[in-house]
Amino acid sequence: LAIGTKTCPSMQFTAGDDLQKTILNAPIGICLLDADTFVAELVNDKFMEVAGKPYETIFGQFYWDAFAEVRSYYEPALQQVVASGEPFYADEVEMVLTRRGKEETIFVTFVYSPIRDEKNKVTKVAVWVLENTRQVTERKKEVAAKLAFQQERDRFKSFLMQAPAGICILSAPELVYELVNPAYQQFLPGRDILNRPIFEAMPELVGTPLQEALLKVYRTGEQVQ
């Protein structure tokens with residue numbers, strides 16, 4: 001699309017062609033709206049990429065005709081920006097848009113930013129938008145993976161705690177008792193060993209073959225019988 005050649009005839013740039021070039025070449029999506037009519041007067045490529053809609057359905061059109069899917073959520077905010085002169089900011093919000101002919105759930109960060117004339121009147125609103133769908137999706141996957149790992153670890157811990165055999169887990173490098181099940185604790189009644197290094201909790205093992213065997217397993221990773 002030769003967007004650079006398609007600007008609304010009624011558009012008046014406060015900084016001449018420099019403003020137009022800045023918007024068209026911006027690294028984030030920008031759509032410039034008339035503050036009275038909310039008609040799109042300028043749309044850059046990045047905005048089109050996020051919108052996923054034909055250029056002619058946005059440029060020169062009433063903004064909420066193009067984005068009817070989210071009108072009920074954000075039209076009041078856009079109107080308030082014009083009325084108050086204060087920007088509106090939304091971070092990583094979830095939207096359902098019809099893009100390239102199909103409904104998609106996306107995440108975007110966007111700003112409605114007022115533009116004032118020399119009399120300090122809001123005459124235009126710049127819509128700045130950045131899509132975060134990939135980042136949010138990846139973060140959600142990471143959270144889900146961590147949750148699944150924690151759940152699996154909790155199930156494993158529950159199994160160990162209920163096991164009839166004495167089991168403990170020692171955390172390197174100091175061989176600290178990380179887990180002690182009831183059956184193991186029965187071998188050491190009245191002794192507080194959890195979260196203590198084994199040779200501190202059981203000093204009688206120092207200098208014995210068992211100490212050497214434990215240290216060898218830690219150093220080599222090889223099983224000792």
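FYI, it's all coordinate maths here, none of it is from the lab. Only a predicted model underlies this, so the values are computations on that prediction, with no experimental measurement involved. Positions of Cβ are backbone-derived with ideal geometry, glycine not excepted, and every protein chain shown enters the neighbour counts.
In this structure, the amide hydrogen of residue 38, modeled 1.01 Å from its nitrogen in the peptide plane, lies closer than 5 angstrom to no residue at least 5 positions away or on a different chain. The shape of segment 22-93 can be summarised by an equivalent ellipsoid whose semi-axes, obtained from the alpha carbon gyration tensor, come to 19, 14, 13 Å from longest to shortest. Under 5 Å from the amide H of residue 167 lie the amide H atoms of 181, 183, 184, each residue being 5 or more positions distant or on a separate chain, with H modelled from the backbone and absent for Pro and chain starts.
Any idea what diffusion coefficient segment 84-184 gets from Stokes-Einstein, in µm²/s, Kirkwood Rh on alpha carbon pairs, 37 °C, 0.692 mPa s? It would help to have the intermediate numbers written out before the result.
Details: Rh = 18.9 Å.
The calculation lands on 173 µm²/s.
Please check which bits of segment 81-96 a label hung off residue 133 would reach, taking the label as a point 7 Å along Cα-to-C-beta and the cut-off as backbone N under 13 Å. Of the residues in segment 81-96, 94-96 have backbone N under 13 Å from the label point off residue 133.
With the gyration tensor restricted to C-alpha atoms of the chain, the semi-axes of the equivalent ellipsoid amount to 67, 18, 17 Å, longest first. Taking a ≥ b ≥ c as the square roots of the eigenvalues of the alpha carbon gyration tensor, segment 60-102 is oblate, as a/c is not under 1.5 and a/b does not beat b/c. For the chain, give the share of DSSP beta bridges that are antiparallel, in percent and rounded to the nearest 5; count only bridges with both residues there. The antiparallel fraction comes to roughly 95 percent. Stretching the chain fully between residue 179 and residue 121 yields a gain of 14.1 nm (0.36 nm per residue, less the alpha carbon separation).
The simple spin-label model puts a point 7 Å past each Cα toward its Cβ; for residue 204 and residue 45 those points are separated by 7.8 nm. Remark: relative contact order (segment 167-224) = 26 percent; criterion is Cα-Cα distance under 8 angstrom and separation of 6 or more residues. Placing dummy labels 7 Å off each Cα toward the beta-carbon, the span from residue 26 to residue 72 is 2.9 nm. Across the chain, the mean sequence separation of Cα contacts (distance under 8 Å, 6 or more residues apart), normalised by length, yields a relative contact order of 12 percent. Model label points for residue 148 and residue 161, set 7 angstrom from Cα along the Cα-to-Cβ axis, are 2.4 nm apart. Per-residue ellipticity at 222 nm from helix content only, as computed over the chain with -39500 (n - 2.57) for each DSSP H run of at least four residues, stands at -11000 deg cm²/dmol.
What angle, in degrees between 0 and 90 and rounded to the nearest 10, separates the Cα long axis of helix 71-84 from the longest principal axis of the Cα atoms of the chain? Helix 71-84 and the main axis of the chain meet at about 70 degrees. Converting the Cα gyration tensor eigenvalues of segment 43-130 into ellipsoid dimensions via √(5λ) gives semi-axes, longest first, of 23, 15, 11 Å. Let a ≥ b ≥ c be the square roots of the eigenvalues of the Cα gyration tensor of segment 138-210; is it rounded (a/c under 1.5), or, if not, prolate (a/b larger than b/c) or oblate? Because a/c hits 1.5 or more and a/b exceeds b/c, segment 138-210 counts as prolate.
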